[in-house]
Each structure stands twice: as structure tokens, then as C-alpha cells.
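Just below is one structure, and these are the notes that go with it.
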Amino acid sequence: MELPLLERARLGDPIARYTDPDFTPPELTSLVPCTVPGAGEQYRFHFDMTKCIGCRCCEVACNEQNGNPADLRWRRVGEIEGGTYPFTQRHYLSMGCNHCVDAACLKGCPVEAYTKDALTGLVLHSADACIGCQYCTWNCPYGVPQYNPERGVVGKCDMCHNRLADGDEPACVNACPEEAIQIEIVNIADWVLNHSAANAPGLPPAHETISTTRITLPGKLGPELEKADHTRVRPEHPHWPLVVMLTLTQLSVGAFFGLAAFGTNGPIAAIAALLVAGLALGASTLHLGRPIYAYRAIKMWRRSWLSREVLLFTLFAGSASAFAAATLFNLPRFAAVPTVLLGLAGVTASAFIYLVPARPAWNNWYTLADFHLTGLVLGPAFLRALGVNLPVWIIAAFATLQLLNQLLKLLHLVRSEEFELKASARLLSQDLKTVLMARLALLVVGGIVLPLAGYAIPALLLALAGELTGRYLFFVSVVPRNMALPWLTQGGTAGKAAA
Amino acid sequence: MNWKRIAGLDNLSEEYAYGQDPVHGYVSARKIADKWTSTTCGYCSVGCGMLIGTRDGKAVAVRGDQAHPVNKGKLCPKGLSEHYTLQAKSRALKPLLKTNGKFEPISWDCALSTMIDKFRGVQAKYGAGALGVISTGQLVTEEFYTLGKLVQLGFGTSNFDGNTTLCMASAVAGYKRSFGSDGPPGSYADLETADVILLIGANVADNHPILCGRLERNNEAILIVADPRVTKTAMLADIFLPVKPRSDIALLNGIAHILIRDGLINREYIDAHTTGFAELSTFLEKFTPEHVAQVTSLGVETIERVAMLYGRAKAATIGWTMGVNHSTQGAETVSAINNLALLTGQIGRAGASPFSITGQCNAMGTRESGFTSGLPGYRKFESAEDREELATIWNLDVARIPTKRGLAYPDIIEAAVAKKVRALWIIATNPVVSYPNYDVLIQAFENLEFLVVQDGFHPTPTTELANLVLPAAVWGEKEGTYTNSERRVSKVNKAVEPPGEARSDFDIFLAIAEKLGVNDEIFPGWTSTHDAFEEWRKVSAGRLCDYSAMTWEQIEREGGMQWGGERLYTDGQFETPDGRAKLFRVECDPFPEQPGGAFPLILNTGRTVEHWHTRTKTGEVAILDSMAPKAWLEMNPRDAKKLGLKMHDNVSVVSRRSRVDAIELRLTEIVAPGQVFMPFHFAETNVNRATQSAFDPISREPNYKQCAVRIERTAEARG
């Protein structure tokens, strides 16, 4: 299919005509294709690092094009640097969305806000479908989707596909004084087989999502080039509603586990555990940019762990309500088993949300163990505080396992060679050291010492504080994968969120 | 925030909607204009053509002008967001008079009467020269021409200079010395046709990014960049010359030495068009490659290779900016650059020129018409003939025209410190941030009886110290012309009305002239900048900078017109009395404040692409401020190790003058061991507290580029 560009080139560019009636038609620009992709093809960016001078025109032009706030940028320019003076190397990476073949943002989205456009292959995002859960911002290894707090939804580069359809250059392509950004058409099958040209220093490996952006690298690139911002590691957003939601759903599931395992002394404990679950699920909607559309989150349960989590916890809450009602009729304790199974599945789904390659400190079995052990410590402690007669060694044992889990995770971070994991370890041992110490102390005192000493209510309060702190640390200490960013600022909302 | 937004029913889809701009296509609906006004960018002297989009009289967008020959539709990040400067929160809106330490709004009439009373009072008491005026490179040429007449003929003081002396005075002086007149001989097109391009102390990638496209398109050329710092521009180079600070003169002399030694000079050109070759030749004998290697820290082979490339080039261009100009030997360095061009005849041909890339949007306009360091039209104060000529055009007694230049900018400040200048009028510049050795400037201000600051923005660090603030219109709000580095006169148009009571500088000048009672004499019948332009055409007629054949309409239609044509001196005839260019013997002296003892490091200052000068404009543009919100200090990791400093440490720059605190430390191999670099844009961390009062004796330009400092942790020092 021909695009209007061909015709425009023949007739003369209307912008040029506007400014000068005698303007002669320019030569056909080669920065955008003149046709739409054919079968098995898609659009992609080509970025020529040898041409980029780091002037950041593309960033400003992108924001003007899309009317975005100043601190939120769909195209970002990063710096990479290496060598020794005077043989210093400094280069720039300009990146919008890579419109990946295997887009991680799309796979995780619970509401199908993302689609891979059938005609152009572009990964498009619908601000109307989006509920602002921000799961895509954790999934993308390049930090491309950006949450806009003003709107309550995420947004990202769509390659100005509406401009492309009119034969106009995307804003970044149009603005670049060096012609370092181009739009090309790529054969998807060929690219899946060999996409090494999508790799560059300062970028996560392309194979994970099969980024389609082709990058032309300078000929003599030193092996020691690093992200200019690699020493600037700042705590991430704490996501308080999620801290509350995760800790309390886990507590509730743990409580039903306790009820199923050790029985109850009447309906109070079950009803209390149900209320906690309700509180947790209510809190979770506060995380959303658009809480009123929380129900949409179930939509993509076949694909998204977030949808599965919402679905399983909804079923858990239903089952728990039924069980709580049934406790009035003195049912046997194993009637709680379906509730427990749904709850454990829900906690597992919760954990799997965080097992994403783009956030390496989360992407391990410690996360799964962490989430379950929180429930297994707090649930029984909760029941014990309500006077349910269950052996305290259960609490102490799970707390010991949680302690072990936390220490092993720290060891894993410290010993890793991976930048993001090392950086997480650095955060925990420097900026967040006091919080980490408090978290471990609360676990030991609230989870082991006080239960064994028979102080059930103080034990619950301290243990709960410990697990909430732990979940806070979980969010703030993760160092996401990202493209290289400028030394001075983090660019986009990343810096803002941490501020 | 409304409840619908909190609940999530509303996601601001209307605010974030897109639409079809009839000219520029699919775009955020908020950026769709109902009118596009073509104009020229108001930041640097590249002089990009652009369009300001307005809707309901408010600027909503800017676009590069695709038909403009300078930029062909491209703009730098500052240009791309320039419309925001018009609506900055810090725009000056009302005349303000400081009474009992507080600004009170007053009427224009009262403001100008007060100003004139105070100025006249000071002049009556201490002499006409007790009034100093410091102007800018930001006005339109028509305003510069008007202001020059107002100051010199109306107020009768010659102590009048522009902030251009902080910027390109050395280039002006260097051109005058070598060629007999100011005026960059080349064109941007030379960057596309030269086969060797040597950039000295010019970080165009950060400072003139739109010129980089020309370097990029010229695949044939060998690009050589000499800079002590591995700038973004150095990364574009085929050959990077990491010279020691202020060793550029040795490099230039060394190249000249090799050219003469190996017969790579154009003897015919030298004999026909220059004077001083024999003396220069003898003088250069000592600049052997070995000696130059020692001074510059470059290898002998590199120096030989660069000289060969330059000497054998079919067309070679040398471009420079502040690395050369910001020096006590700035004018002389320019002479040494001109020497190379003259020795090889690399001037006056396509691709061949010694080319000063200027700073401000209309620094050239004030150089030509401004009446500061010379009489309008590149005329000389000292020339009786020039004075007669002007007196005739102006219909004035020739005795009214000064016979020598008044004080230059730094000398006005020194005179204020010495209480010889007692009142100052500052127009569109912010010396509190831009002037070297802050403490001296503050002392000068404190000694004044009256300070008037006329600016588009308030508060700025300078307006805050004023007795009277006059709110002025800025770029986008007035009409006239700018002249860019390649002598291209481009049209500047009004897209929006000035905010509040702000008035164009031209209107302010005319109103002052009327109160002075000199309107009929010096601005007879003038009502608009067009009247000034018409007179300027007559004044410039027959001069090197000849505007007489230009009309505003033609300038507009052609996307600007270059005075003097595409290049100057094509016939080898120069503006000197004998028509010959002069070759100069330039010693390579050490810069004035050498590092050592308590101040072991060399401080270098410069710019970053996101900002313009002292940020009164770009600091108000949210995206630019967000991209570069604060200053930083670059230091080599090897120095940091010795000092026990770490990346991101909070450090202070301490010099013999003063200190700058709370700067984030960047450890990087961009700077050489022994040197540190800091951007000068930021009032909050003003590097000019540390820089020194050392000025080029010829051009009076400050030596911003090198001074001795030490770096220490701020927390330690400040407890």
C-alpha cells in the first residue's frame, strides 16, 4: 500500500509550500518508508549511534507532539561512557518504544490495553482501556511505558503511527538534526532468527522481548562502555497500597490455613480474617490510576498473572465468606480447605506477577517463598492473638524460615555479578540499611521471641510491622532494568517517582 | 483534582486528545495553531528560521522553517520549546521602582521620568561619563541602532558596551587586527564544502547543534577538533587534539611553522595580499614540532599530520568559539588563526575561511550597528572621515560624535567600583550570573547611585538588585532583524503581544528620547523599527556590512540575506588602509592564574545543550529545566582518588576569589587529570564566584576558561 508521502513528494511538501509559494519539491525523504509493511513485516526504528550528538531534540519534539508533561518522556536519550582520557568514548542512545516482537508489556497487561497492530506491527496502548495498574512498567526491560499520574494511565511511544499513516515523519524523526532516527520495515521471521543488531551497550539484551529497533554502532566501540548513570541508584516507588494489599491478603490466607490446620473457637477468627482480606482487596484498588475500573482486571486471565491474581483472590474472598458463614454451623475445619487452596493459589499468582526478568531482584523463588511465609507467620499469629489455640512453635518455625529466606536473598544479591542485583544489594546495605535492620529485628522479635514468650498481641503487631516493612523494602530496593539514562537526571518519571 | 479523575472515570482524554493541524499534520490538539508567524530563533547566532504557532493570540507551538536555508526545518531543544519562554511565570509585567528596599509598581511615565532625572542628576554631578550603559546581543538590529544613538547622542555618554564583550569581542578585535574590519568571512556552507575543518575551542554539538548536520552531511571532510575536554563535538572528530588549556596558540604557530618549513604555504597569495610575512616567518622558527608537542601535550606526529592536512587541503575552514575568545590572549589567538588562513590562501573561497561562530542571536547586529566599540557600519571613532560621513547622514554637528571609544564592559564595572561611573542602565543581560568574579560586580553595584535594569524577566539575580526595573518585550513579541554568524540578516516577527505592561525595547528607547527632548533630532518621525531600519540602510550603504540593497520584504522572502554575499574578501582586498591583511607574531603565554599550591586544579567553564546563558529563559521552560535542573562538576577519577572524593559527592569549588558550594560531582574521563569543568548557566551555583578578573588587553574579553581552584567536600567545609 502506498502512503500519501509518495504523492506529497511528487506535489511538493505542503509545509514547504506553506512557507514559500515558489518552493521546489524536495527529494523523496528516506527517513520513513513509502509503503506500509507487507505480510510478515512490521515497522521499526533504526537508530544510528554514529550520528547522534546527544542534543535531545527528539525528546522535546516527542513531548510537544504528544502534549506530555515535561518530566514524562516517551523518548529518552541516554549516555554511555568509557575509556581513559584522552581516549574517552561517550555515546548516546535515543530510544522510544522498541515495538518488540515478544512484547513483555503486552503479555502482562490485565485489561488488553496493549495490542500489536496487525498492519504495522506496532505495539499500541489504549489510554481508555488502561486502568493504571502499572504492571507494564515493571515488565518492560527498557523502561518504556511511563505512568502519567495526572491521567491515571500509562502511555508510551506509538511511533506516531497516525503521522506515518499520513506520510508524515514521526516527531522524533522529523526533529533530529542529524537524521539519526529512521523508520524501516523489517521481516519479522528473519529478525526473530537474528536480532543481534538490536543490542547496544547500555541496553538490556534484546532477545528477551525481541526488540525490533536496529542500532548502528560506532566502529570502534570499547568493551568497557558503561551507562553514564550506573552509579546513580535510587530507591523505587514504594507502592503503599500494594504493600498493604500483599501483606494483608497473605495474612488472611495464612489465617485460613491456620483454621484449616488447627480448627477454630467459633466464627470470630474466620470473620476477622475475611475482613482483613476485604480490607486488602479494597486497598489494592487505591493502587490503580482508575480504581473504578478495577473489575476489568480479570479480563486477561488466560495470559496475565495480574488477572489471575485478581480472579483467584475474588474466588478466595467468596469461598472465605461462605466458610465464615458456615462456621456458625460448626462445620469441620477441613471445610476451609477450598478457601485455603484458592488463597495459596492467589498468593502464588501474586508472586508470579513479580517474577519478571525486567526486575531481577524480584525474579527468583525467594519472592514466592517470601509471600507465602509472610502469610504463614502472620496468619497463625493473627489467630493466636484472637485467642485461637494453636501451637506457637508453628509461628516461630515459619518466622525462622522467613528469616532464612531473607538472608539467602540478600546473599544472592550480594554475590551476583548482575548490575541490577548488585545495585539492589548496594541500596539495601547503604540507603536502606536502617530499614533492613528494623525489618529483620521485627521478624525475630515479633515472629520468634514474643510468640514463644507468650505475648500474642505484641507478637502479631511487631510481626505485622516487620512484614509490612519487608514488603516496602521489596518495592523500593528493586533496581529495574532500563536503558542507559543521562548522568544528571534519571529522565522521565523514573527520577520523579523516587524523588 | 475532580472526583471523576480520582475515581478514574475521567482520564483527561480531552486534554490529551490529538487533532489534525492543517500545516503540520497529526499532533496533540493543544498544539494546533490558528496562525503561524515566521521568524528567527532568539537564542544563539546560528539563526534558525522558525514558525511560531498561535491560537487565540497565545503561542502554542513552534516549528522549524523547512524553507529557511540555515536550518531547513531543524531546531535544537531550546528552539523546539521556545514558545514557553513567552508565557514564563517570571516575565516582567510592570515598571517597578524600589523604595525602602521594596519594589513598588509605578506608571511608565513616572518610571522613565525617574530614570532620566536620576541619570541627568548623576551626569550633572559627576560628568556625562558617570552614566554607563550595558547592552546585549538579544535585541533586534533596529533597536541596537536606536539605542546607540540614544546613548551616545542623547545621553552623551560613551561608556557604553554590550555583553557581547563577554562573548565574541576577541573575534571582533582579531578580525579588525588581521583584516582591518570585523565580519566573519565565511558561510555555514563552507562546513559542507571544506575538505578539512579545524574546530578550536568550539563545542558545537552542545552549543550550535544545528550546525552539526552540516558536518554530518560533509562526508568528505576530515574534522579536527582541538579542545582540552572530550566534548560531544570531540566525539564527532576524525582527529581529536586533546590540547592543554591555552596551548592553542602554540598549536597554531606550530602548524604555521611546518607549513612554512615544508613549503605548504601559498606564496603568491602572501605576496599579493598580506604584510608581515618575513617577520612572522622568523618569529615562527622557535615553534618547532618538538617545542609545540611539549606545550600542547600532543605528539609530534599528530602535529605534523594536522599541519599536512591543513596545508594540503583544497579548502580548509577553521571554526572557533569561546575556547578561543574567553582568554586574555583571545584577540591574539584569533590573529594566529587568521595567520593560517592567510599563509595558505584559505580565505575568500568556497569552503575556506577563518570562521568565528558567534554566540547570541543578534551579537552580529550590535557589532555592525551598535555604536559601542566602533561607530555604526564598522566605522572607526578615530577616523575623521568616518565621523564626517555619519554627521552628514544624521544632519548633526560632527563635534557631537565621539572621537574615541568609551569604556568597555569590564572597565565600566571597574569604574563603578572606583565610583567614577555612578549610574548604570543594563539592558537584557544578567551580569550577576554572567560576569566573572562576582564579588567585584556586586561591589560595583553597591557603589552605584542608581541602577536601571530593562529586561523581559523579573525577578532575575540582576533585576533584584536594581533601583528601577523596566519590563520589556522579548523574542516573539517584536519586529526587526537579527544577523547570524554567517552575516545572514533574517527577519524577526511579532507573533504575540507582550504581557502586562511590557513594551518593546524600541518603544522604551523612543519614549526616553522624547523625555530627553532629542526625538526630533535623532529619531525624526520614527514610529517603528522599520524607520530605524531605513536609516540603518543609509548608514551602512557602501560599508562592508552593507544593508542598502535589502528590504524587510526581501529578507523575509529569501529566508534571510547575507551582507557581503556568501563570503568576504574573495578578491583578496582587505579593509586595511593598504588593502592587505596583516600577519601577526603571537606569543604563546601561560594563562594568568596557573594551578599550584592551595589551588592545584584548572577550572574550565562552559555550556550544556539544554540551557541558554543564565537560564532566565530556559530555566522557565519546564522540559529543559527537567532535563538539566542543576549544575555539576566534572573531575577525572584519578584526581578524585587522590582527593578521596566519590561520584555524586557534594563538593565546593574554591578559588582565590570565593567559593561555589553544593555541586554534585561527576567523575568522568571527559576531563583531563588536573582539570575540572562546570557549566556556567546556574545562578544557584554560580561558577563566576570563582572565576577571575583577568581581561584581554585588546578585546577586554574575560578569561573565563582557566583559573586555579581546589575542590573540597561541601559538607566538610560548611560543617
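The values are calculated or read from the model by the stated rules, or taken from the named source; none is laboratory data. In this text the structure is predicted, and so the values were computed from the model without any measurement. A quick note on method: Cβ atoms are made from the backbone with ideal geometry, for glycine too, and the neighbour counts reach across all protein chains shown. Surface accessibility is based on the protein's heavy atoms, side chains included, excluding ligands, DNA and RNA. Shrake-Rupley method; radii C 1.70, N 1.55, O 1.52, S 1.80 Å.
One table, with the values for the structure above:
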| item | result |
| --- | --- |
| Nonlocal amide H pairs with residue B:355, under 5 Å, H built at 1.01 Å | B:318, B:319, B:320 |
| Ellipsoid equivalent to region B:369-435 - semi-axes via the Cα gyration tensor, in Å | 28, 13, 11 |
| Residue A:148 long-range amide H proximity, modeled H, under 5 Å | A:153, A:154, A:155 |
| Net length gained if the chain between residue B:89 and residue B:383 were fully extended (0.36 nm per residue, minus Cα distance) | 101.1 nm |
| Potential extension, residue A:416-residue A:302 segment - 0.36 nm per residue separation minus Cα distance | 37.7 nm |
| Accessible surface of residue A:276 - all protein chains present, 1.4 Å probe, nearest 10 Å² | 20 |
| Whole-angstrom gap from region A:422-458 to region B:484-544, using each part's C-alpha centre | 73 |
| Three-way shape label, region A:54-209, alpha-carbon gyration tensor, a/c 1.5 | rounded |
| Accessible area, probe 1.4 Å, largest first, for residues B:349, B:659 | B:349, B:659 |
| Cα-based Kirkwood hydrodynamic radius, region B:299-347, one decimal, Å | 11.9 |
| Spatial separation of Cα centroids for region B:289-361 and region A:291-346, in angstrom | 77 |
| Separation in nanometres of the label points that stand 7 Å from Cα toward Cβ, at residue B:594 and residue B:128 | 4.6 |
| Cα radius of gyration and Dmax for region B:329-419 (Å) | 17.2, 51 |
| Reachable lysines, given that their alpha-carbon falls under 22 Å from the alpha-carbon of residue B:642 and they are not under 8 places away in the same chain | B:244 |
| Nearby lysines by direct alpha-carbon distance to residue B:420 (threshold 16 angstrom, same-chain neighbours under 8 apart not counted) | B:118, B:125 |
| Solution diffusion estimate, µm²/s, Stokes-Einstein, chain B, Kirkwood Rh from C-alpha pairs, 10 °C, viscosity 1.306 mPa s | 60 |
| Projected area, mean over directions - region A:63-104, Cα convex hull, nm² | 5.1 |
| Shielding score for B:9-15, defined as the mean number of other chain Cβ atoms within 10 Å | 5 |
| DSSP-assigned coil residues among chymotrypsin sites (Phe, Trp or Tyr not before Pro) in region A:238-345, each with at most 11 further Cβ atoms within 10 Å | A:329 |
| Interface area, B with A, accessible, probe 1.4 Å, both sides summed, Å² nearest 100 | 5800 |
| Rg to Rh quotient for region A:223-264, alpha carbon positions, Kirkwood Rh | 1.46 |
| Two-decimal Rg/Rh across region B:178-244, once Rg and the Kirkwood Rh are taken from alpha-carbon atoms | 0.99 |
| Per principal axis, descending, Cα span of region A:277-342 in whole Å | 42, 24, 12 |
| For the protein assembly as shown, size of Cβ-based charge dipole, Lys and Arg +1, Asp and Glu -1, in debye | 3720 |
| Dimensions (Å) - region A:187-286, Cα atoms, principal axes, largest first | 75, 37, 26 |
| Cα pair distances exceeding 43 angstrom across the protein assembly as shown, given as percent | 48 |
| Mean-position separation - Cα centroids, region A:166-223 and region A:227-268, in angstrom | 40 |
| Cross-link partners of residue B:538 among lysines (Cα-Cα below 26 Å; sequence separation of 8 or more within a chain) | B:149, B:176, B:380, B:404, B:478, B:491, B:494 |
| For region B:71-173, convex hull volume per residue from C-alpha positions, Å³ | 184 |
| Rh (Kirkwood; distinct C-alpha pairs) - region B:393-471, Å | 13.7 |
| Zone residues, region A:289-304, relative to residue B:6, backbone N less than 14 Å from point 7 Å out along Cα-to-Cβ | A:290-292 |
| Binned Cα-Cα distances of region B:33-114, short to long, each 5 Å bin given as a whole percent | 3, 14, 18, 16, 11, 9, 11, 10, 6, 2, 0 |
| 10 Å Cβ neighbours from other chains, averaged over peptide B:223-231 | 2 |
| In Å², nearest 10: area of residue B:411 left accessible to a 1.4 Å probe | 40 |
| Tensor-based shape of region B:463-609 (alpha-carbon gyration tensor, a/c under 1.5 rounded, otherwise prolate or oblate) | oblate |
| Lys pairs, chain A - Cα-Cα below 26 angstrom, 8 or more residues apart or on other chains | 20 |
| For region A:414-487: rounded, prolate or oblate by the Cα gyration tensor [a/c cutoff 1.5] | prolate |
| Dimensions (Å) - chain A, Cα atoms, principal axes, largest first | 91, 52, 39 |
